[in-house]
1. Please tell me which of these pairs span more than 21 angstrom C-alpha to C-alpha: Lys61/Lys114; Lys65/Lys89; Lys65/Lys114?
2. Net charge near Lys121: determine it from the other residues with C-beta under 13 Å of the C-beta of Lys121, scoring Lys and Arg +1 and Asp and Glu -1.
Amino acid sequence: MYKRFGVLFLLAAAFSVPVLISPVVTAVNLFQDQNQNKRVMNTSHRRRRRGTDRRRRRGIKHAYKNAGKSAGHGGKHFAKHMRHGRPIKAGKSLGRGMGGFGRGVGHGTARTGKKVGKKVKHAVTP
């Protein structure tokens, strides 16, 4: 009984394969013919918008805020390492925090100087 169904299934599959493939082949051929007859327009390259996607720097307040945060983190790690008896690591973490503090203060001061200079320049020039 099972052999009969198996043989019938194989015969049905063998005869239906060309029927299933032929519409796919004709659709592909039609698509290729349409693409070959198309004309391509040669347009010049357009320019990219440059000003909108540029990331702007944060302000003076942000620089000073990060300086204070860095110093706070350094002090916190310093205390934790000292509490666990690791004075070398404590000094290293404190130094790293103070380095970030100096960086933030430096950036903030530079931006403040630039801003003050521009304001004075615009106020003085006629």
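1. Beyond 21 Å between Cα atoms: Lys65/Lys89.
2. Overall, the nearby charge balance is +4.
Rule-based calculations on the coordinates, nothing more; no lab input. From a predicted model like this one, the values you see are computed outputs, not experimental measurements. In this analysis, Cβ positions are derived from the backbone assuming ideal geometry, glycine residues included, and neighbour counts consider all displayed protein chains.
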